[in-house]
Amino acid sequence: MKNIQYFSHLLLALTVLISSCKREWDAPPPREIPVGHILSIDSLKNLFTGTPVRFTSDYSVYATVTADEQDGNLYKNIFVQDATGAINLRLMTSGGVYKGDSIRIYLKGTVLSAYNGMLQLDSVDVNKNIIKQAVQKNVSPMVITDVNQINTSMQSRLIKLENVEFVTNEIPNTWANATNQQSANRTLTDCNGNTVIVRTSGYANYAGLQIPQGNGSLVAIVGVFNSTIQLYVRSLAEVQMSAPRCTGNPATIYLQKNFEDNSISSGGWIVKQVAGTSAWTSSIFNGNYFAKASSYNSGDASCETWLISPAIDLSNSTTPGFNFLNAANYSGPNLEVYISTNYDGVSAPNTATWIAVPVTLSSGGFNWVNSGDIPLTAYKVANVRIGFKYTGTTSVAKTWEVDDIIVKEY
Amino acid sequence: MNKFLALIFLLIFYFNVCAQNKIETTFKENDTSQNALLKEDSLNVVRIPIFSSNSGEAESDLDAQDISGILQSSRDIFTSTAGFNFGNARFRIRGYDPENNIIMINGVKVNDLETGWASWSSWGGLNDVTRYMEIHTGISACRINFGGPGGYTNINTRASSIRKGHKISYALSNRSYDHRVMYTTSTGEMKNGWNFSFSGSMRYANEGYVEGTYFEAWSYFAAAEKKINTNHTINLSVFAAPLTQARQGIATQEAYNLAGNNYYNPFWGYQQGKKRSARVAKNHTPVIMLTHLWRISEKSKLQSSLYYNFGRRGITALNWNDTKDPRPDYYRYLPSYYALTNPAEAQRLTELWQTDVNTRQINWDELYYANYNNLHTVVNANGISGNNVTGLRSKYIVEEQRSDVKQLGWNIIYNNKVNDKLYLSAGYTGIKHQGIYFKTVNDLLGGDYWLDVDQFAEQLSSDGSAVQNDISTPNKIIKQNEKFGYNYTIQVNQHEAFSQLEYNIGQLEFYAGIQLSQTAFWRTSEWANGKFPENSAGTSKKQNFLNYGAKMGATYKINGRNYVTINGMYLTRPPQVRIAYVSPRTRDNLIDGLTSEKILSGDINYIARYTNIKTRATLYYTQINDQLWSRSFFHEEYRNLVNYTMNGVDFLHTGIELGIEGNLTQQLTLIGVFAHGQHLFNSRPTATITRDNSSEILANRTVYIKNYRLGNMPQTAASAGVKYSGKKFWFAGANFNYYANIYLEPNPDRRTEEALANFVTTDPQWNQNIRQEKLSNAYIIDFYAGKSWKIKQYFLNLNISVNNLLNNKTFATGGFEQLRFDPNDVNKFPPKYTYHLGTTYFLMLGLRF
């Protein structure tokens, strides 16, 4: 019994010793970062005279964050604004500053420079150069109703555009190329036809979503790329474009084909081989898919291949029309474009009547050109088809490429 | 004697065929086994005294991290030298991973059911208790378990196994710890049949050999045994070894060179002038074991045990969100990153690394400053609409990754000496295991809260749900000691039965054994992860594996002094549960092609035991097939964190072991030990690369890794030793240890067609990608001495051992190729190396009464 007591005492003593062993660490006292000379954003920007300015003494700018990296559209990159102006901050590491943060920017160590016409404060270390004063102090965007009002002196500012919509041709597109994480430009227009570019990163978490079809408002930062204005949306929640479009109607798209699924035949498109072996195929260059035909070096004494759309029902349309992009290179016969209202979709093309339509063609060098709008008002019936006829031989052959075919209401 | 010489000749022939290097074999010696305390038990007399024994008085630093396998010495000179001397160079007997050795306490298997590894740190510091262990190396007869291809170890923790009296010791060292105090006592068997034993120790270092490695370990052991009558004995043992240890990290040679120190440790840094480590292990997993021994008759006995092992295992690490990497040796903070693009910056960083400790090590104060400055509002915090929480959101925290354990086990072992020729053993073990995995905030580093979201999942969904680690409570605010990140349990149930017959006819002894086991494992999680709402919460499907094993062996006694034995084993065992799930923290997807491992192993041994010379020579051959391999890392090609898994990974272990111990005079003993193995990858496994945060399968690749060497161990090791035992109870000795054929662990992805796609075979970069780095050979000299005195009833002993007498600090014992790599520049993410410690000592003064 004595032994049991002895052991239990020992165990108790050990337990106390073990539990009392915890290392404690002194938290360092807050570090004071001097304020120094205070600059407004406008006076900061005025310090730039064409060569980068590195700050080596104590300066501070007070500002509010207007756009952050949360949606993935911006990376190592935020925008701040005060009463006098706005500027872009380039961060050394991503994260840590959020929309609505009221901050003091301690300039020592940062560099004021310009990038393609855009003034920026570079080499900003969030942990050392940014001192938060408060949070959730949101800046109201400047409201703009006429796209023409946007100019380069508004660069980096937060604006709100009202009564705008994406141009009809862009409607089926996504904000950017989410698959290959490539940025994309989309054209925004007001009801007077004034346009401006909206540029979206392929890393934005909404990059793969379709752009809105309606009319409405959009909040964005004004960016500048040399002399071009490009807008950066800071949050998808601030894109409110679901009202009827300027025409009073929703955008009507009858047919659209951009080949981005790397399929020549998806959506009911057909390829008809009349002579030779070279056929229309899907092809890719620089991440963009399109239809391509070339009989060069094919061994074909003569080649004729048709890319034919599915039947389009235009019986209820008002002013239908279409356009497409095309590109070409080398020398040989030109691409021909036809309309038919009696093709059965199965037989050889020559079993139907095809009416040639004039289009603008690429002059070569694989330069993409728009065909121009081709009216279809003469064909307001149920079985309209568009045919792209390629001809060539093994030695005399142009390469023709076709993309972004759209049949819509004008 | 002629046969002996013939065998030696054969073995030498084998060296010359198998080993390119000619090794000089001289006689060497061992420093152990002064008084092996064998508890004689007529049933337990080891009939074939091959490489088994109970260990002796070896005192060594058994508590370094990564203790594996058999480090305790034993009477077999090869095994004891391999453990005691070669262990410092990461030598592994037969190149095996620890799961091939079965570790038992009182006959109950304690290998972790998820990894197969036994955690030796669970009883670290209880040297006075664990020295009573039985060790067999290789396949052998075993009366308490089927055993593993690498052998088995059984630690006896019954109260009666401790010698009556008191033992107290103090040790001074400069390895993991500086000081050790140990006390052990036992009442012996008292008149009332009770026997009580106690042992406890404390080991401490403010800083071990490696900078920034704090060490504080306690241990306690208590056992009570009651002999109810001549037939029944019951024993209750409780023990644990609570440990707090700041770990050593390893780095690239560039970092070592900049720091001017091959023991540079990136895990620590100064906080307000005090050294603080980011990587601190803290474990406390007590074992309670009740054992009942029933001697049914003179010839048979039945031992039953019930045990429970439970407690916390944790290791801290830095975590960060929306800010820069705080690790000082992150590759972009090293001069080499700028060597080509910005030499001025490279030069600036070189100077900073060499002169500024806050560049070289973690700058804790800066982490606090970053947190102090991160005022932030969490909108709809904890999933409550309108609950906006404003405060300092920690960008940096210290988190603790917990892997707690709860394991209940029971076992029954029956032994029956049927007659003089036949001995029967059988047993059953049942285990219910739970591994409980979660993270907690250990220190907010000056911030007010941590927001539990996954910043790398922000682009996965436009509604923000993918970033949530627990979708039931979005935007979770985490305070000190609260759980976050993941919270899941792996459960394993195992039933295992074995039976063995030993048969003895004159000069021949045979044994044969079989094992059957059934293992089921599954995952349960309380939280649904926003990235995988479908398959992260709840209980996963159970995986069932039925496994079996068979072994046989024979000993031919040429005469009373010369033996030849042959052993063989075929075994299947369930896949390693720990890596069976692709990413268990987020989901329950299993690795494709989950199948049982298959092991085929055999050895042939020659043993001679003369009065003045004892020797053993062994040839072994082992195939381990269908293992899994799984790691997660940032893949340069996919620019993503990926889970890289392989199935069908086969290994081949072949080689030779030789140990000779000879007494030149009564005082002078020489020993020689030699091990030469080929430990190879033996298949071309298929790798599956999965994007960690979407489980999208990015690629399947064939890995051309066959015939690459296993890394991180010398595949050839030799030791020559001499020991002198004086007449007045003193001894001294030295060992010369030589290590060769050490390789870096290869990165499988560098050995794929895809990694080499941009090179023709004649391009030097082709070879740079696929070549396996062989590290330099090295030798280490160890010295030891001891003396003991008897004063009345007091025994006093003093021991010293010095490892690496010549202070060789440039012996790289291993390392690995970083998994992150750039095929166009393999040196962009260079390998990391580990080095053998310089001169270390262990000095101990003990008193027994």
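Just so it is clear, none of the values below were taken in a lab; they were calculated from the coordinates. Keep in mind that this is a model prediction, so the values were computed, not measured. Note that we place each Cβ from the backbone using ideal geometry, even for glycine, and neighbour counts take in every protein chain shown.
Quick notes on this structure:
- Estimated translational diffusion coefficient (Stokes-Einstein, Kirkwood radius over Cα pairs, 4 °C, 1.567 mPa s) of region B:134-242: 79 µm² per second.
- Computed helical MRE - 222 nm, chain A, DSSP H runs ≥ 4 contributing -39500 (n - 2.57), nearest 500: -2000 deg cm²/dmol
- Sequentially through region B:510-524, phi angles give Karplus couplings (6.51, -1.76, 1.60; θ = phi - 60°) of 10, 9, 8, x, 10, 9, 10, 9, 10, 10, 10, 9, 7, 10, 10 Hz, Gly and Pro residues having no value and appearing as x.
- Region B:178-223 - percent relative contact order, Cα under 8 Å, separation 6 or more: 36 percent
- 0 to 90° range, to nearest 10: angle between helix A:2-19 axis and chain A longest Cα axis: 60 degrees
- Relative contact order %, region B:681-812, counting alpha carbon pairs below 8 Å whose residues are six or more apart: 20 percent
- Put a dot 7 Å past the Cα of A:Gln273, heading toward its Cβ, do the same for B:Asn206, and the two dots end up 8.6 nm apart.
- For region B:621-646 versus region B:727-804, the gap between their alpha-carbon centres in whole angstrom: 26 Å
- Calculated mean residue ellipticity at 222 nm for chain B: -2500 deg cm²/dmol, from DSSP H runs with n ≥ 4 weighted as -39500 (n - 2.57), summed, divided by the residue count and rounded to 500.
- Within the same chain, lysines fewer than 8 places from A:Lys272 are excluded, and of the rest, those with a Cα less than 27 Å from its Cα are A:Lys257, A:Lys292, A:Lys380, A:Lys389, A:Lys398, A:Lys408.
- Rg of the Cα atoms in region B:601-670, relative to 2.2 N^0.38 Å, amounts to 2.06.
- Per residue, the Cα convex hull of chain B amounts to 168 Å³.
- Taking 0.36 nm per residue of separation and subtracting the Cα-Cα distance, full extension of the segment from A:Asn151 to A:Glu32 would add 38.9 nm.
- Spherically averaged projected area in nm², based on the convex hull that wraps the Cα atoms of region A:31-160: 8.1 nm²
- Cross-link pairs A:Lys45/A:Lys108; A:Lys108/B:Lys395; B:Lys395/B:Lys483; B:Lys109/B:Lys227 - those with Cα-Cα distance over 19 Å: A:Lys108/B:Lys395; B:Lys109/B:Lys227
- Applying 1/(1 + (r/R0)^6) with R0 = 41 Å to the Cβ-Cβ distance of B:Ala344 and A:Val143 gives a FRET efficiency near 0.30.
- The value obtained for region A:245-370, namely the Cα convex hull volume divided by the number of residues, is 147 Å³ per residue.
- Dimensionless Rg/Rh of chain A - Kirkwood Rh, Rg from C-alpha atoms: 1.20
- Remark: spin-label model distance A:Ser363-B:Asn382 equals 6.9 nm, labels positioned 7 Å along the Cα→Cβ axis.
- The magnitude of the dipole of chain B, with charges of +1 and -1 set on the Cβ of Lys/Arg and Asp/Glu and taken from the Cα centre, is near 3000 debye.
- A straight Cα-to-Cα reach below 20 Å connects B:Lys542 with the lysines B:Lys406, B:Lys432, residues fewer than 8 places away in its own chain not being considered.
- For A:Lys160, the lysines whose Cα comes closer than 20 Å to its Cα, not counting residues fewer than 8 places off in the same chain, are A:Lys99, A:Lys137.
- Distance cut-off 16 Å, percentage of C-alpha pairs in region B:762-843 lying past it: 68 percent
- Going by neighbour counts of Cβ atoms within 10 Å, the residues B:Asp404, A:Asp101, B:Asp782 line up, fewest first, as B:Asp404, B:Asp782, A:Asp101.
- When Rg and Dmax are taken over the Cα atoms of the protein assembly as shown, they come to 37.8, 124 Å.
- Translational diffusion coefficient of region B:497-642 (Stokes-Einstein, Kirkwood radius from Cα pairs, 10 °C, 1.306 mPa s): 82 µm²/s.
- Between the alpha-carbon centres of region A:22-68 and region B:311-343 there is a gap of 25 Å.
- Label zone at B:Phe816, where the point sits 7 Å out along the Cα-to-Cβ direction: region B:639-679 residues whose backbone N lies under 13 Å: B:644-645
- Charge dipole of the protein assembly as shown about the Cα centre (unit charges at C-beta), most positive-ward option of B:Gln253, A:Gln230, B:Ala785: B:Ala785
- Each Lys and Arg contributes +1 and each Asp and Glu -1, all at the Cβ; summed about the Cα centre of the protein assembly as shown, the dipole is approximately 5340 debye.
- Note on A:Gln136 and B:Ser472: with the Förster distance fixed at 41 Å, the Cβ-Cβ geometry gives a FRET efficiency of about 0.95.
- Taking amide H positions as modeled 1.01 Å from N, with prolines and chain starts lacking one, the residues under 5 Å from B:Tyr835 and 5 or more places away or on another chain are B:Thr813.
- Pairwise label distance in nanometres, B:Asp420 with A:Asn334, each label 7 Å out on the Cα-Cβ vector: 11.5 nm
- Relative contact order computed over chain A (Cα-Cα under 8 Å; 6+ residues apart), in percent: 12 percent
- In order through region B:666-677: 3J(HN,Hα) via Karplus (6.51 cos²θ - 1.76 cosθ + 1.60), integer Hz, x for Gly, Pro: 5, 8, 9, 10, 10, 10, x, 9, 9, 9, 9, x
- FRET efficiency for the A:Lys76 to A:Ser265 pair, using the beta carbon distance and R₀ = 56 Å, is estimated at 0.85.
- For region B:701-708, 3J(HN,Hα) per residue [Karplus equation, 6.51 cos²θ - 1.76 cosθ + 1.60, θ = phi - 60°, Hz, x = Gly/Pro]: 9, 8, 9, 8, 10, 4, 6, 6
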